[in-house]
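Below you'll find the structure, written out as structure tokens, and then a few comments.
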Amino acid sequence: MLVQDVMQTKLFTVTPDTTLPEAIHLTGQRGVRHLPVLEGERLVGILSDRDLKRAMASQATSLEAHELRYLLDHLRVGEIMTRTVIRIGPMFPIEDAARTMVMEKIGALPVTDGERLVGLVTETDVLRLFVRAMGAGEPSSRFEVILGNEPHALAEAVQAIEAAGGDISSLVTLPCGGGLKEAVIRVRTINPAPVVWALEARGFSARGTWRG
């Protein structure tokens, strides 16, 4: 799945001249945590709720209430926004966006096509996709199968599940140390016992059986 399949396209943006109260009102009214900052059609920064909180805290250190109110009312987005914007293109795999957000410790990535802003992908969008990919939004049973390091172990596990009448809704393989792999499998049933028995009969160990 690509970034363009997951990104938000209905965007709320501000300009460098937007005042701090206006930005705070927009984030609260629209329930957003990140505002791309545009100068014309060019992306020049991004304003996060963290930038807003930092600006308010830094101004509140030694001012009287009326002085603080006056200063905050006249503070502009251009003075507090993050200017070095990490961005991504719409045709990149979504896992590239997730990896970038993890490595850079950021919660959102503007999506640009050339210099034009076309979307925004956030950590919430990635988590929502993760829930879909793992099949966690439907009645099912989840278990982990230790595959070892045999080359055909995954195919044999899938065959065992299907032979037992199991309908796989999601399957993810992960390294589990020592050169071994495990498969996290979700099957569309709330009674996984026949599937677990079939796996054990093939010599697999199914652990953490969970229904949801």
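Only the coordinates and a few stated rules stand behind these numbers; no lab work does. Treat the numbers as computed from the prediction; the structure is a model and nothing was measured. Cβ: placed from backbone, ideal geometry, glycine included. Neighbour counts: every protein chain shown.
Annotations for the structure displayed:
- Candidates VAL44, ALA153, PRO16 compared by Cα position along the dipole of the chain: farthest toward the positive end lies ALA153, with charges placed on Cβ.
- Loop GluC sites (Glu not before Pro), the stretch 100-163, which have at most 12 other Cβ atoms in a 10 Å radius of their Cβ (DSSP): GLU115
- Gaussian network model of the chain, springs between alpha carbon atoms under 10 Å - residue of ARG128, ARG202, ARG33 with greatest fluctuation: ARG202
- By the helix-only formula, in which each DSSP H run with n ≥ 4 contributes -39500 (n - 2.57) and the sum is divided by residues, the chain has a 222 nm mean residue ellipticity of -11000 deg cm²/dmol.
- Each principal axis of the Cα cloud of the stretch 151-212 was taken in turn, and the coordinate range along them, longest first, works out to 32, 23, 16 Å.
- Taking a straight line from the alpha carbon of LYS181, these aspartates and glutamates sit under 16 Å away, with near neighbours fewer than eight places off in the same chain left out: GLU144, GLU150, GLU156.
- Reach of LYS53 by Cα under 26 Å, taken over lysines that are not fewer than 8 positions away in the same chain: LYS10, LYS105
- Dipole magnitude of the chain about its Cα centre (Cβ charges: Lys, Arg +1; Asp, Glu -1), debye to nearest 20: 340 debye
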